[in-house]
Amino acid sequence: MIDLRSDTLTRPTEEMRLAMARAEVGDDVYGEDPTVARLEEQVAGLFGHEAALFMPTGSMANVLAVRSLVAPGQEVLCESRAHIARAELGAHAAYSGITMRTWIDPRGQVDLPVIRSLFAPDMGPFFVPTAAIAVENTHNFAGGAVLPIEDLRDLREFATGAGARIHMDGARIWNAHVATGVPLAEYGAIADVLAVCLSKGLGAPVGSLMVGSADAIAEARVWRKRMGGGMRQVGILAAGGLHALEHHLERLADDHAHARLLAEACGVDPESVDTNIVVVDRPDATDFVAAARDAGVLVATVGPSAVRLVTHLDVTRGDAEKAAAVFARLV
Ligand SMILES: Cc1ncc(COP(=O)(O)O)c(C=O)c1O
(Lines give C-alpha, C1' and ligand atoms only; values in the text may rest on other atoms or scores of the structure.)
Protein backbone atom coordinates (compact mmCIF):
# COMPACT_ATOMS: atom_id res chain seq x y z
CA MET A 1 0.00 0.00 0.00
CA ILE A 2 1.16 3.53 -0.77
CA ASP A 3 -0.17 5.60 2.10
CA LEU A 4 -1.03 9.20 1.22
CA ARG A 5 -3.56 9.82 4.01
CA SER A 6 -1.29 12.04 6.11
CA ASP A 7 2.30 13.05 6.75
CA THR A 8 1.82 11.93 10.35
CA LEU A 9 2.01 8.28 9.25
CA THR A 10 5.79 8.13 8.80
CA ARG A 11 7.75 5.59 10.79
CA PRO A 12 11.12 6.49 12.28
CA THR A 13 14.07 5.53 10.09
CA GLU A 14 16.77 3.16 11.37
CA GLU A 15 19.11 6.14 11.86
CA MET A 16 16.45 8.02 13.83
CA ARG A 17 15.78 4.97 16.00
CA LEU A 18 19.53 4.70 16.72
CA ALA A 19 19.72 8.39 17.65
CA MET A 20 16.73 7.90 19.96
CA ALA A 21 18.18 4.77 21.56
CA ARG A 22 21.44 6.56 22.31
CA ALA A 23 19.91 9.78 23.63
CA GLU A 24 21.28 11.14 26.86
CA VAL A 25 18.28 11.57 29.17
CA GLY A 26 17.20 12.83 32.60
CA ASP A 27 13.93 13.74 34.31
CA ASP A 28 12.55 16.60 32.23
CA VAL A 29 10.00 17.63 34.88
CA TYR A 30 13.07 18.33 37.04
CA GLY A 31 14.54 20.22 34.05
CA GLU A 32 17.30 17.61 33.83
CA ASP A 33 16.97 16.14 30.36
CA PRO A 34 19.90 17.47 28.31
CA THR A 35 18.50 16.28 24.98
CA VAL A 36 15.19 18.07 25.51
CA ALA A 37 17.08 21.19 26.59
CA ARG A 38 19.18 21.02 23.40
CA LEU A 39 16.10 20.64 21.20
CA GLU A 40 14.25 23.50 22.92
CA GLU A 41 17.26 25.80 22.64
CA GLN A 42 17.82 24.91 18.99
CA VAL A 43 14.21 25.42 17.95
CA ALA A 44 13.88 28.72 19.87
CA GLY A 45 17.05 29.90 18.11
CA LEU A 46 15.77 28.90 14.66
CA PHE A 47 12.75 31.17 15.11
CA GLY A 48 14.67 33.98 16.82
CA HIS A 49 12.70 33.63 20.06
CA GLU A 50 13.94 33.36 23.63
CA ALA A 51 12.63 29.93 24.54
CA ALA A 52 10.69 26.84 23.50
CA LEU A 53 8.88 24.01 25.25
CA PHE A 54 8.65 20.39 24.11
CA MET A 55 5.12 18.96 24.10
CA PRO A 56 3.58 15.65 23.11
CA THR A 57 1.33 17.14 20.40
CA GLY A 58 0.72 20.11 18.15
CA SER A 59 -2.74 20.42 19.67
CA MET A 60 -1.28 20.92 23.14
CA ALA A 61 1.27 23.40 21.77
CA ASN A 62 -1.58 25.35 20.12
CA VAL A 63 -3.70 25.32 23.27
CA LEU A 64 -0.88 26.57 25.50
CA ALA A 65 0.35 29.10 22.92
CA VAL A 66 -3.08 30.62 22.35
CA ARG A 67 -3.87 30.76 26.06
CA SER A 68 -0.61 32.64 26.62
CA LEU A 69 -2.08 35.48 24.51
CA VAL A 70 -5.81 35.30 25.16
CA ALA A 71 -7.47 35.42 28.59
CA PRO A 72 -10.78 33.68 29.44
CA GLY A 73 -13.62 35.72 27.96
CA GLN A 74 -11.47 37.18 25.20
CA GLU A 75 -11.38 36.06 21.57
CA VAL A 76 -8.92 34.95 18.93
CA LEU A 77 -9.59 35.54 15.22
CA CYS A 78 -8.63 32.83 12.75
CA GLU A 79 -9.50 31.43 9.33
CA SER A 80 -12.64 29.25 9.35
CA ARG A 81 -10.85 25.98 8.57
CA ALA A 82 -7.90 26.58 10.92
CA HIS A 83 -6.86 23.51 12.88
CA ILE A 84 -7.44 25.41 16.13
CA ALA A 85 -11.04 26.09 15.10
CA ARG A 86 -11.97 22.80 13.48
CA ALA A 87 -9.80 19.98 14.67
CA GLU A 88 -8.95 20.53 18.33
CA LEU A 89 -12.38 19.49 19.60
CA GLY A 90 -13.12 22.88 21.13
CA ALA A 91 -10.02 22.69 23.36
CA HIS A 92 -9.55 26.47 23.44
CA ALA A 93 -13.08 26.91 24.78
CA ALA A 94 -13.06 23.81 26.97
CA TYR A 95 -9.73 24.48 28.71
CA SER A 96 -9.10 28.20 28.27
CA GLY A 97 -12.53 29.90 28.12
CA ILE A 98 -11.64 31.49 24.79
CA THR A 99 -14.07 32.31 21.97
CA MET A 100 -13.22 32.48 18.27
CA ARG A 101 -14.48 34.41 15.29
CA THR A 102 -13.39 33.42 11.85
CA TRP A 103 -12.84 34.81 8.39
CA ILE A 104 -13.22 32.59 5.32
CA ASP A 105 -10.59 32.23 2.67
CA PRO A 106 -10.58 29.27 0.26
CA ARG A 107 -6.77 29.10 0.46
CA GLY A 108 -6.58 29.86 4.18
CA GLN A 109 -4.89 33.18 3.51
CA VAL A 110 -4.70 36.35 5.60
CA ASP A 111 -7.62 38.57 4.56
CA LEU A 112 -6.55 41.83 6.16
CA PRO A 113 -9.62 43.96 5.25
CA VAL A 114 -11.91 41.34 6.82
CA ILE A 115 -9.62 40.91 9.83
CA ARG A 116 -9.72 44.70 10.33
CA SER A 117 -13.51 44.61 10.21
CA LEU A 118 -13.68 41.71 12.70
CA PHE A 119 -11.19 43.19 15.14
CA ALA A 120 -12.93 44.35 18.33
CA PRO A 121 -11.06 46.66 20.70
CA ASP A 122 -11.68 46.38 24.43
CA MET A 123 -14.81 48.49 25.01
CA GLY A 124 -15.52 47.52 28.59
CA PRO A 125 -18.57 45.49 29.53
CA PHE A 126 -20.17 45.29 26.06
CA PHE A 127 -18.32 43.23 23.45
CA VAL A 128 -15.82 40.37 23.51
CA PRO A 129 -12.40 41.98 22.96
CA THR A 130 -10.01 40.55 20.36
CA ALA A 131 -6.75 39.66 22.06
CA ALA A 132 -5.04 37.77 19.23
CA ILE A 133 -5.07 36.73 15.60
CA ALA A 134 -4.02 33.19 14.69
CA VAL A 135 -2.64 32.15 11.32
CA GLU A 136 -1.81 28.67 10.06
CA ASN A 137 1.28 28.30 7.87
CA THR A 138 1.09 26.11 5.90
CA HIS A 139 -2.68 25.78 6.03
CA ASN A 140 -3.62 22.11 6.33
CA PHE A 141 -7.25 22.04 5.18
CA ALA A 142 -6.55 24.64 2.48
CA GLY A 143 -4.23 22.14 0.79
CA GLY A 144 -0.90 22.99 2.39
CA ALA A 145 -1.08 26.59 1.17
CA VAL A 146 1.75 28.91 2.15
CA LEU A 147 0.92 32.33 3.61
CA PRO A 148 3.11 34.86 1.77
CA ILE A 149 5.56 36.64 4.06
CA GLU A 150 4.42 40.06 2.73
CA ASP A 151 0.85 39.37 3.92
CA LEU A 152 2.17 38.23 7.29
CA ARG A 153 4.23 41.43 7.63
CA ASP A 154 1.14 43.53 6.87
CA LEU A 155 -0.77 41.55 9.49
CA ARG A 156 2.02 42.14 12.03
CA GLU A 157 1.88 45.86 11.35
CA PHE A 158 -1.89 45.91 11.80
CA ALA A 159 -1.77 43.79 14.96
CA THR A 160 0.92 45.95 16.55
CA GLY A 161 -1.07 49.10 15.80
CA ALA A 162 -4.29 47.56 17.09
CA GLY A 163 -2.74 46.09 20.24
CA ALA A 164 -3.44 42.48 19.22
CA ARG A 165 -0.96 39.65 19.35
CA ILE A 166 -0.24 36.91 16.82
CA HIS A 167 -0.16 33.14 17.15
CA MET A 168 1.24 31.09 14.28
CA ASP A 169 0.21 27.45 14.01
CA GLY A 170 3.36 26.31 12.26
CA ALA A 171 2.71 22.58 12.36
CA ARG A 172 4.13 22.60 8.81
CA ILE A 173 6.16 25.83 8.94
CA TRP A 174 9.12 23.74 7.74
CA ASN A 175 7.31 23.10 4.46
CA ALA A 176 6.63 26.83 4.05
CA HIS A 177 10.30 27.58 4.71
CA VAL A 178 11.57 25.02 2.19
CA ALA A 179 8.98 25.99 -0.45
CA THR A 180 9.70 29.73 -0.27
CA GLY A 181 13.25 30.04 1.07
CA VAL A 182 11.94 32.49 3.70
CA PRO A 183 14.16 31.99 6.78
CA LEU A 184 12.40 30.47 9.80
CA ALA A 185 13.46 33.51 11.84
CA GLU A 186 11.44 35.76 9.51
CA TYR A 187 8.35 33.70 10.22
CA GLY A 188 9.31 33.83 13.87
CA ALA A 189 9.47 37.63 13.77
CA ILE A 190 5.82 37.79 12.72
CA ALA A 191 4.48 35.89 15.71
CA ASP A 192 4.41 36.42 19.47
CA VAL A 193 4.14 32.66 19.88
CA LEU A 194 4.30 29.68 17.54
CA ALA A 195 3.44 26.00 17.68
CA VAL A 196 5.65 23.80 15.48
CA CYS A 197 5.48 20.03 14.91
CA LEU A 198 8.26 17.49 14.48
CA SER A 199 5.82 14.64 13.83
CA LYS A 200 4.49 15.75 10.43
CA GLY A 201 6.73 16.27 7.39
CA LEU A 202 9.90 16.02 9.47
CA GLY A 203 9.09 12.40 10.26
CA ALA A 204 9.66 12.20 14.02
CA PRO A 205 7.27 9.80 15.78
CA VAL A 206 6.15 12.27 18.48
CA GLY A 207 6.71 15.87 19.43
CA SER A 208 5.85 19.51 18.97
CA LEU A 209 7.11 22.71 20.52
CA MET A 210 5.65 26.00 21.63
CA VAL A 211 8.06 28.86 20.86
CA GLY A 212 7.94 32.32 22.45
CA SER A 213 9.31 34.65 25.10
CA ALA A 214 10.99 33.28 28.23
CA ASP A 215 8.01 34.46 30.32
CA ALA A 216 5.40 32.85 28.06
CA ILE A 217 7.32 29.58 28.05
CA ALA A 218 7.78 29.59 31.83
CA GLU A 219 4.02 29.98 32.24
CA ALA A 220 3.33 27.32 29.60
CA ARG A 221 5.62 24.92 31.49
CA VAL A 222 3.31 25.22 34.48
CA TRP A 223 0.22 24.68 32.30
CA ARG A 224 1.78 21.72 30.52
CA LYS A 225 2.28 20.01 33.88
CA ARG A 226 -1.20 21.03 35.02
CA MET A 227 -2.65 19.35 31.95
CA GLY A 228 -0.71 16.18 32.57
CA GLY A 229 1.92 16.82 29.92
CA GLY A 230 5.01 16.78 32.15
CA MET A 231 7.16 14.01 30.70
CA ARG A 232 10.16 12.35 32.29
CA GLN A 233 13.07 10.79 30.31
CA VAL A 234 11.61 12.27 27.15
CA GLY A 235 14.99 12.99 25.57
CA ILE A 236 14.34 9.67 23.83
CA LEU A 237 11.67 11.49 21.80
CA ALA A 238 13.49 14.82 21.57
CA ALA A 239 16.42 12.97 19.98
CA GLY A 240 14.10 11.90 17.16
CA GLY A 241 13.21 15.55 16.65
CA LEU A 242 16.84 16.68 16.62
CA HIS A 243 17.65 13.97 14.10
CA ALA A 244 14.69 15.04 11.95
CA LEU A 245 15.78 18.70 11.96
CA GLU A 246 19.27 17.70 10.87
CA HIS A 247 18.37 15.13 8.22
CA HIS A 248 14.78 15.63 7.07
CA LEU A 249 14.33 19.35 6.58
CA GLU A 250 15.80 20.04 3.15
CA ARG A 251 14.31 16.85 1.70
CA LEU A 252 10.81 18.32 2.11
CA ALA A 253 11.42 19.74 -1.39
CA ASP A 254 11.09 16.15 -2.67
CA ASP A 255 7.67 15.83 -1.02
CA HIS A 256 6.58 19.06 -2.71
CA ALA A 257 7.71 17.79 -6.13
CA HIS A 258 5.88 14.48 -5.53
CA ALA A 259 2.72 16.38 -4.55
CA ARG A 260 2.80 18.33 -7.84
CA LEU A 261 3.19 15.07 -9.75
CA LEU A 262 0.11 13.63 -8.01
CA ALA A 263 -1.84 16.86 -8.57
CA GLU A 264 -1.22 16.73 -12.30
CA ALA A 265 -2.42 13.12 -12.44
CA CYS A 266 -5.62 14.14 -10.63
CA GLY A 267 -6.34 17.06 -12.97
CA VAL A 268 -5.34 19.68 -10.37
CA ASP A 269 -3.10 22.53 -11.56
CA PRO A 270 0.33 21.65 -10.10
CA GLU A 271 1.06 25.39 -9.84
CA SER A 272 -1.70 25.59 -7.23
CA VAL A 273 0.15 23.12 -4.99
CA ASP A 274 2.53 25.01 -2.69
CA THR A 275 3.83 22.15 -0.57
CA ASN A 276 3.03 18.49 0.27
CA ILE A 277 -0.79 18.47 0.35
CA VAL A 278 -3.16 18.17 -2.59
CA VAL A 279 -6.93 18.59 -2.20
CA VAL A 280 -8.90 17.14 -5.09
CA ASP A 281 -12.55 18.11 -5.67
CA ARG A 282 -14.44 14.87 -6.21
CA PRO A 283 -18.23 14.72 -5.89
CA ASP A 284 -17.68 10.94 -5.62
CA ALA A 285 -15.08 11.33 -2.84
CA THR A 286 -15.99 8.14 -0.95
CA ASP A 287 -16.02 5.98 -4.11
CA PHE A 288 -12.74 7.55 -5.22
CA VAL A 289 -11.10 6.64 -1.90
CA ALA A 290 -12.40 3.06 -2.19
CA ALA A 291 -11.24 2.68 -5.80
CA ALA A 292 -7.79 4.04 -4.93
CA ARG A 293 -7.56 1.59 -2.03
CA ASP A 294 -8.44 -1.30 -4.33
CA ALA A 295 -5.60 -0.15 -6.57
CA GLY A 296 -3.12 -0.06 -3.65
CA VAL A 297 -3.19 3.64 -2.71
CA LEU A 298 -4.62 4.98 0.56
CA VAL A 299 -6.09 8.49 0.48
CA ALA A 300 -8.63 10.22 2.75
CA THR A 301 -11.72 12.38 2.39
CA VAL A 302 -11.67 15.81 4.03
CA GLY A 303 -15.30 16.65 3.27
CA PRO A 304 -18.16 15.11 1.30
CA SER A 305 -16.58 16.09 -2.03
CA ALA A 306 -12.91 16.55 -1.22
CA VAL A 307 -10.10 14.03 -1.22
CA ARG A 308 -6.72 14.82 0.34
CA LEU A 309 -3.37 13.39 -0.73
CA VAL A 310 -0.30 14.04 1.41
CA THR A 311 3.28 13.21 0.49
CA HIS A 312 5.92 12.48 3.11
CA LEU A 313 9.17 10.81 4.07
CA ASP A 314 7.87 7.28 3.44
CA VAL A 315 6.71 8.05 -0.13
CA THR A 316 9.53 7.54 -2.62
CA ARG A 317 9.67 8.96 -6.14
CA GLY A 318 8.74 5.46 -7.37
CA ASP A 319 5.72 5.37 -5.02
CA ALA A 320 4.62 8.81 -6.23
CA GLU A 321 4.89 7.69 -9.86
CA LYS A 322 2.89 4.50 -9.15
CA ALA A 323 0.21 6.46 -7.28
CA ALA A 324 0.07 9.04 -10.09
CA ALA A 325 -0.58 6.23 -12.59
CA VAL A 326 -3.44 4.94 -10.40
CA PHE A 327 -4.99 8.42 -10.13
CA ALA A 328 -4.62 9.09 -13.85
CA ARG A 329 -6.60 5.89 -14.49
CA LEU A 330 -9.28 6.76 -11.90
CA VAL A 331 -9.91 10.30 -13.15
C1 LIG B 1 -2.11 22.69 11.10
C2 LIG B 1 -2.11 21.74 12.24
N3 LIG B 1 -1.98 22.20 13.48
C4 LIG B 1 -1.96 21.39 14.56
C5 LIG B 1 -2.08 20.03 14.40
C6 LIG B 1 -2.13 19.17 15.65
O7 LIG B 1 -1.09 18.29 15.77
P8 LIG B 1 -1.26 16.95 16.68
O9 LIG B 1 -1.93 15.95 15.81
O10 LIG B 1 0.16 16.61 17.01
O11 LIG B 1 -2.06 17.31 17.86
C12 LIG B 1 -2.22 19.49 13.12
C13 LIG B 1 -2.37 18.03 12.95
O14 LIG B 1 -2.54 17.53 11.88
C15 LIG B 1 -2.25 20.37 12.02
O16 LIG B 1 -2.40 19.91 10.76
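The values are calculated or read from the model by the stated rules, or taken from the named source; none is laboratory data. Bear in mind the structure is a predicted one, so any value in this text is a computation, not a measurement. Ideal geometry is used to build each Cβ from the backbone, glycine not excepted, and the neighbour counts take in all protein chains shown. The protein model used for the area step is the full one, side chains on, heavy atoms only, and it has no ligands, DNA or RNA in it. Shrake-Rupley method; radii C 1.70, N 1.55, O 1.52, S 1.80 Å.
Here are some notes:
- Of the solvent-accessible surface of region 207-294, computed with a 1.4 Å probe and all protein chains present, 48% belongs to carbon and sulfur.
- Averaging 1/r over every pair of different alpha carbons in region 1-153 and inverting the result gives a Kirkwood radius of 18.1 Å.
- Split the accessible area of region 2-147 by element, probe 1.4 Å, and carbon with sulfur accounts for 56%.
- Directionally averaged projected area (the chain, Cα convex hull): 16.4 nm².
- Cβ-based charge dipole, the chain, positive-most Cα from 46, 286, 313: 286
- Electrostatic dipole magnitude of region 192-331 [Cβ: Lys, Arg +1; Asp, Glu -1; Cα centre; debye, to 20]: 700 debye
- Three principal axis extents describe the C-alpha atoms of region 112-246; from largest down they are 48, 37, 25 Å.
- Summary of packing: across the peptides 325-331, 296-302, 117-123, the per-residue average of other C-beta atoms within 10 Å ranks them, highest first, as 296-302, 325-331, 117-123.
- Debye equation applied to the C-alpha atoms of region 12-93, log10 I(q)/I(0) at 0.16, 0.22 Å⁻¹: -0.83, -1.11
- Counting only protein heavy atoms and a 1.4 Å probe, the chain has 42 square angstrom of accessible area per residue.
- 3J(HN,Hα) from dihedral phi, region 157-170, Karplus parametrisation 6.51/-1.76/1.60, rounded to Hz, x for glycine, proline: 5, 4, 4, 4, x, 8, x, 9, 10, 10, 10, 10, 7, x
- From its DSSP helices (H runs of at least four residues, each -39,500 (n - 2.57)), the chain gives a residue-normalised ellipticity at 222 nm of -13000 deg cm²/dmol.
- Phi to ³J(HN,Hα) by Karplus 6.51 cos²θ - 1.76 cosθ + 1.60 over region 132-144, Hz, x for Gly, Pro: 8, 10, 10, 10, 10, 9, 7, 8, 4, 6, 9, x, x
- Measuring spread by the Cα atoms of region 194-331 yields a radius of gyration and Dmax of 18.6, 55 Å.
- Proportion of all alpha-carbon pairs of region 93-153 beyond 14 Å (%): 63 percent
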